[in-house]
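The values are calculated or read from the model by the stated rules, or taken from the named source; none is laboratory data. Here the structure is a predicted model, which is why all the values come from computation and not from measurement. FYI the Cβ positions are ideal-geometry reconstructions off the backbone, even for glycines, and counts take in every protein chain you see. These area figures cover heavy atoms from the full protein model, side chains too; ligands, DNA and RNA do not enter into them. Shrake-Rupley method; radii C 1.70, N 1.55, O 1.52, S 1.80 Å.
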Amino acid sequence: MEQSDLDLLLAVPPYHLQSLVKLRRLPVTSRGQNTGVTGATGASATTSPATTTIPEIAQHLFEAATISEAIRSLNESERLVLRELVACGGRANSRDLALYFSSIGVFTPLKGGEPPVGIAEHSASFYPTPHPHGPFEQSLRRLLLLGLVFWGKQTNFAGRDYTSGIYDGVVIVPQAVKDVVNDIVDKERSTQAEQPVTRKEGIGEGIHAFQRMLYLYWSHAASLREGLQLVNSGLLSRTMLRQVIEQQGHKGNIEQIRTEQDVPRLLFIRLLLMKLDLLQEQQGSQGSQGSIHAADAEEFFSLPALERARRCYHLWLEGSFWNERLYLPEVMVRPGPNMLDPAHEEVIRSRQVLMERVLDEQAGTWLGMSSFIARTKLYAPYLLFPRQYGTRADRYSVGSNPYNWDFRLRRGWLTHREGWHLVEGGFIRAVVLGPLQWMGLVEVKNEGSAVAFCSTPGTLLVTSEAQAVETGVAWGRLIVQPNFELVALAPVSEALLIKLDRFAERIGLEHIAQYRLTKASVTRAIQMGLHAETIQRVLEESAGPGAVIPQNVSYSLVEWERQARRIEVWQGATLLEVDDSALLDELFADEEARELLGRRLSPVLAEVAANRADALQDVFWRKDYLPALTTAPDQDSLLDSGRFVAREPQWRLHDDGLLQPLYAVTDLYLVAEVERISTLDALTGWRKITPSEIKRACSRGITLDAIIRFLQHYCEDGVPAPFLIRLKLWGGGYGERPAIQVEQAPLLYLSAKILQDLQSDEEVGELLGAEVVQEGRLVRVPAEHLERVIELLRKRGFVVE
């Protein structure tokens, strides 16, 4: 016996305790059998049993044998109420319990089915009116009389009948009773488990349909060179949204759809694809908006449909990219979340609690939405709003919930009972009619104003953490026709569609997939790195064993490739170069390495398959090779190209041309470049730039400007000014007249026309000397500094006349 069970007995009125002793025929001492006189109200007017007898009463009352005997005396409806109470944790509000049984038609069948969705459905008046002789109230009364359930402490019974089932209060099942009921339920389940059960294998059509929608959305984004354009809010532009809607085959008036908020299913698909890394957002340049671009999806769509569905389900269940709080009908939320704000952690927790409730229901059974919401209130009364944030009456006000929002009706405030069916109930509807229906995990039907749903085949496989083996799917084969049409018979895998999209034009995609091979589509594929051999291999494998590709199709593929490769510009290509052709022969003979290589371009040069450089490097490492990775042209022949990569300075250049390394290990690519313009200094072991090395480098086609910019880029503090002068002298940077001539003063400064006239004057012309050459520049030097200037100029390497 638990202490909580004893506390329940201590809280009941004395007259009820006496009734329990008599009705259950408990063998207690005479102290517990006080006889009282009953007044007009029916309540005991005598002294209650001594508290010392209550533990004795509890010991017999909560004995497993007596409890089992009391349960056997229950009728079907009473047993149903007790089991539901135990299943929801042994504690529930009596009126919520009555509402649930009323909604499923156990005691008081609804007239005309379920009520319409709206305020009337969820208001307090929707709760069944309690009646002393009602079937639910009578069942609850019977359970109270037998001591199988008790009222909570909050219910005030002064002057009222404790066993009446009409009150609005919390009903509690003692722990001892719960243990007995659970044992009975476990025995029934074990008996049912022994009976053979026919289970449907595979997954439902809804799950396959959702995977097809993911593929269609991705393929549309992949077909757009500029991607799906976004606006400032982060949503798709209206033009892009209309294209997506048309591509998805949306039924309805497209003109009424203005933003992604109007089509939440498509927004959910886009956000999910981004979480799967199949779509990636790229930020626009200054003044332009971002865009959504497709990433490589072949790996994902090559997975079994069950594994793909499971990944999507767990990303939604445990992620914050989707916020069901945005889709509460009839409720205004202030200030509320923005469209793309991540979901609150309480929303994620409540989503997981709700999924436990969905999975607890019997698979394949249709559940009325209203009855499911009513039952969920019994099992998770604090859904979305934890208990610690305040009372039920205040949970929808700012400061009393974790969201710090106000939840209101358009006509006023929400009551705690009305609010649960509108806010928490609205959340349940948003989950079931939203992601669960979109992902194909539930099927939904509308019968008049009522909404019902049931789980689809494969839901338990998708939501289960256990490793389930998916039954093999016999995909339809591909038919290659001589007129270049490709027909993929149903069922068609998304992996095949992605392969066909790369080199063929899609004509239709309904029950079968129709494509056409054209010269333009094959040429486009070849420009993206495919080969005619690869295309033909895909066609042969998809057509099935023994299938033969029409001869004209094979010849055309080879001819189109030849024409497309007459003039070929490679962008972003990866090449493999070896020093011995025998090594390349060995790699092409190796089965694992051959799959990672493309064409052999020369005895020592081969093409690497697109996006397979990392895998090929792993093969080299396993073979004890250490390949050097070189990115061209950024790091190859830097001095020739003049384009430099971002690197830290590697040297400090001294005035005498010595390159002092800044690090113990210098960048090997830059060392290879600097060796082309320097020599090894025997005294220091550093590289040194000399006149002969600069002249030899210039004779090999390296420009002086490229040498200077290289040294400025990779030397700390650049090139010293004195050495820069020498460098230009060595490389012919000053043209044909590197000499400096000292002109004797005085000099006349005059215009060219005046000088011409003075030179023609016989008297003045005889007194003028030679004209200073105009190709240079004149600079004044004080007489006392002239000797020092000449000395420094000669030291710098100039010839001073």
query = Convex hull volume of the Cα atoms in the stretch 303-403, per residue, in Å³?
reply = 134 Å³
ask   = Rolling a 1.4 angstrom probe over the protein heavy atoms, how many square angstrom per residue are accessible across the stretch 345-441?
value = 39 Å²
request  = Compute the distance in nm between two label points, each set 7 Å from the Cα along the Cα-to-Cβ direction, one at ILE790 and one at HIS133.
outcome  = 13.8 nm
query = Using all Cα-Cα distances in the stretch 672-721, what percent lands in each 10 angstrom bin from 0 up to the longest?
reply = 24, 57, 19
query = Listed highest first by mean packing, meaning other Cβ atoms within 10 Å per residue, what order do 479-491, 141-153 come in?
reply = 141-153, 479-491
query = What shape does the stretch 276-343 have by the C-alpha gyration tensor, where a ≥ b ≥ c are the square roots of the eigenvalues, rounded means a/c under 1.5, and otherwise prolate means a/b greater than b/c and oblate the rest?
reply = oblate
query = Taking the simple approach of a point 7 Å from Cα along Cα-to-Cβ for both LEU747 and ALA664, what is their distance in nm?
reply = 5.7 nm
ask   = Any idea what Rg and Dmax come out to for the stretch 336-468 if you just take the C-alpha atoms, in Å?
value = 15.8, 51
remark   = Contour minus Cα-Cα span, VAL569 to LEU768, at 0.36 nm per residue, comes to 65.0 nm
request  = With a Förster radius of 51 Å, plug the Cβ-Cβ distance of ARG777 and GLN536 into 1/(1 + (r/R0)^6) and report the FRET value to the nearest 0.05.
outcome  = 0.10
key: Value of relative contact order over the stretch 490-611, rounded to a whole percent, pairs C-alpha under 8 Å and six or more apart   = 17 percent
message = For LEU605, project a label point 7 Å along Cα to C-beta. Then give me every residue of the stretch 552-583 with its amide nitrogen under 15 Å of that point.
response = 568-581
query = What FRET efficiency do you get for ARG212 and MET332 if R0 is 41 Å and r is their Cβ-Cβ distance, rounded to the nearest 0.05?
reply = 0.65
remark   = Listed by chain and number, the aspartates and glutamates with an alpha carbon less than 18 angstrom from that of LYS178, same-chain partners under 8 positions apart left out, are GLU2, ASP5, ASP7, GLU63, GLU69, GLU76, GLU78, GLU84, ASP186, GLU188
task = Give, as ranges by residue number, the residues of the stretch 692-734 whose backbone N falls under 14 Å from the point 7 Å along Cα→Cβ of ARG652.
result = 715-720
Residue-span extension gain [SER699 to ASP579] - 0.36 nm each, minus C-alpha spacing = 40.4 nm
ask   = Fully extended, how many nm does the chain gain between ALA11 and LYS445 (0.36 nm per residue separation, minus their Cα-Cα distance)?
value = 151.5 nm
query = How high is the FRET efficiency from LEU460 to ALA295, r the C-beta distance, R0 35 Å, rounded to 0.05?
reply = 0.65
message = Rounded to whole Å, give me the distance from the Cα center of the stretch 350-367 to that of the stretch 559-610.
response = 55 Å
